[in-house]
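Scroll down for the structure; my scribbles are underneath it.
The numbers here are math on the coordinates, done by the rules we state, and not lab data. The structure presented is a predicted model; accordingly, all values stated were derived computationally and were not measured. Quick reminder, even Gly has a Cβ in these numbers, built from the backbone with ideal geometry, and neighbours come from all protein chains shown.
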């Protein structure tokens, strides 16, 4: 591997961005899908690939846009059908943000769960708070799986683009 070649460096940077993006999907503060797409963009603009790179960039853009759209629409519909209100999610988001700064690493997740639980406890009582919280967490998990699938899809498209170029 010749690191003095700009195409090789662009491919290496793209691969690192895509890898960090896929991992970043699982870490809430890292914009995983955007990093994956940015990695393909760097490779398409600065890499040594032929015309295939534009096809790869186009397909990756489509996957990123579809993943982002589905990530918000499908779990949102699931939550709406389960009866968990937006106010409970906002409470979870606020406590998650506070938890992120109070308890390093796991505070975001703990605060989010606690926020939803407390909001649901106030809204529906102790008996129904945990089932509502589980439904909200299921929707968040579905959103995460959709984003992970899109990020992995972009990575696979890029690898096939590398092989084809």
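A Förster distance of 22 Å, applied to the separation of the beta-carbon atoms of residue 109 and residue 134, puts the FRET efficiency at 0.95.
Could you order peptides 77-83, 130-136 by the average number of other Cβ atoms within 10 Å of their residues, highest first?
130-136, 77-83
Dividing the summed helix terms, -39500 (n - 2.57) for each DSSP H run of n ≥ 4, by the number of residues in the chain produces a 222 nm estimate of -30000 deg cm²/dmol to the nearest 500.
With 0.36 nm allotted per residue and the present C-alpha distance subtracted, the residue 156-residue 86 stretch has 21.7 nm of extension available.
Full extension of the segment from residue 48 to residue 16, taken as 0.36 nm per residue of separation minus the current Cα-Cα distance, would add 9.8 nm.
Residue 30 to residue 126: FRET efficiency via 1/(1 + (r/R0)^6), r the Cβ-Cβ distance, R0 30 Å, to the nearest 0.05? In this case the efficiency is close to 0.25.
Here are a few candidate values for Cα Rg over 2.2 N^0.38 Å: (1) 1.28; (2) 1.06; (3) 1.01. Which one was actually calculated from the structure I just gave you? Of the labelled values, this structure produces (1).
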